[in-house]
Amino acid sequence: MIYIRSEEEIKKIAESNRINYQALMMLKDYIKPGISTKQLDNLAEDYIRSMDAEPAFKGYKGYPATICASINSEIVHGIPSKDRVLKDGDIISIDVGVKKDQYYGDAAYTYTVGEVNGEIQKLLDTTQQSLYKGIKKAVAGNNLSDIGHAVQSHVESNGFSVVRDLVGHGIGRKLHEDPEVPNFGEPGRGPKLKKGMCLAIEPMVNVGDFTIKTLDDKWTVVTQDGSLSAHFEHTVTITDNGPLILADKKIEVN
Ligand code: MF3
Ligand code: CO
């Protein structure tokens, strides 16, 4: 069942997301060659706890950390480690979740480390743009699949592929709620979107094929063909005036 959240609830979801997005933006300054993903994890956890909130991923289905830190061909759910040290030319996707006052926030961002080449920058730009194209369709009266269709169209017209096996989700009193929000598909399908729904929209985009595999650590999801992958995520709520991105500042949906 897809929940319609009250204004009171949306305020709480917004507060969790504000802290969450601030954690992601704070990390930007630290993402340099030489830092380990474990150090980034500690920074995020300390920040979230300093805001009287809890890391939402830690302990979720046994996940051991605050952030997921996925480097290069890792798509999502990379486990932070002191032995994973960033180097010039890498990309790193960081996904983080916050729980405060019983409500959740979820967001992800892919960062460049030092200098990256133009093709890599195009992957990141296209993935982020596809997120905003999807968000733009999160409008009352549209169908759910209009979001994924917009994401997929943008990604594929730029020559990349969109991961099928992992999807976005409703969010609120749980990290993952109905509905699933795929990043692909025909338009005009699925439930009608309504004011008060809260969705985490999160395209994962590969340079090569869209197929994935999970490593022996049972968490890290990588591209099957070893190509690079990027991931951007926002939590949005549907209002009378269209989609509202829940983050630390007002982000225009263009
Ligand atoms: N952020 C992921 C999502 O959006 C969830 C990560 S779950 C964890 O679905 F267990 F890996 F933390
Ligand atoms: Co999510």
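Numbers for the structure displayed
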{"read-out": "All positions within the range 170-192 that are touching a helix residue (DSSP H, G or I) at 6+ places or on another chain (Cβ under 8 Å) and within 20 Å of F232 (Cβ to Cβ)", "value": "I171, L175, V181, P182, N183, F184, G185"}
{"read-out": "Selection count, the range 155-204, where residues are surrounded by fewer than 24 Cβ atoms within 10 Å (Cβ to Cβ), β-branched (V, I, T) and away from ligand 1 (no atom under 15 Å from the Cβ)", "value": "1"}
{"read-out": "Check on K28, over 27 Å from E177 (Cα atoms), surrounded by fewer than 16 Cβ atoms within 10 Å (Cβ to Cβ), under 17 Å from the mean Cα position of the chain (by Cα) and in contact (Cβ under 8 Å) with a residue 60 or more places away in the chain", "value": "yes"}
{"read-out": "Residues satisfying the stated conditions in the range 100-120, i.e. within 16 Å of ligand 2 (Cβ to nearest atom) and either of a type in the set (K, R) or farther than 17 Å from V207 by Cβ (or both)", "value": "Y103, Y104, G105, D106, A107, A108, Y109"}
{"read-out": "Candidate set from the range 39-95 (those that are among the basic types (K, R) and within 13 Å of ligand 1 (Cβ to nearest atom)); member that is farthest from N17 (Cα to Cα)", "value": "K61"}
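So that you can scan it fast, the table gives a plain yes or no per residue for (1) within 21 Å of I19 (Cβ to Cβ); (2) more than 19 Å from the chain's Cα centre (by Cα):
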{"residue": "E180", "(1), (2)": "no, no"}
{"residue": "E202", "(1), (2)": "yes, no"}
{"residue": "G226", "(1), (2)": "no, yes"}
{"residue": "D240", "(1), (2)": "no, yes"}
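Every residue, every condition in (1) in a loop (DSSP other than H, G, I, E, B); (2) away from ligand 2 (no atom under 16 Å from the Cβ); (3) over 18 Å from D125 (Cβ atoms); (4) free of Cβ contacts under 8 Å to residues at least 12 places away in the same chain, yes or no:
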| residue | (1), (2), (3), (4) |
| --- | --- |
| G141 | yes, yes, yes, no |
| D146 | no, yes, yes, no |
| V151 | no, no, no, no |
| H169 | no, no, yes, no |
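Every number in this text was worked out from the coordinates using simple rules, so none of it is lab data. Predicted model, so just to flag it, every value in this text is computed and none were measured. Virtual Cβ from ideal backbone geometry, glycine too; neighbours counted across all protein chains shown.
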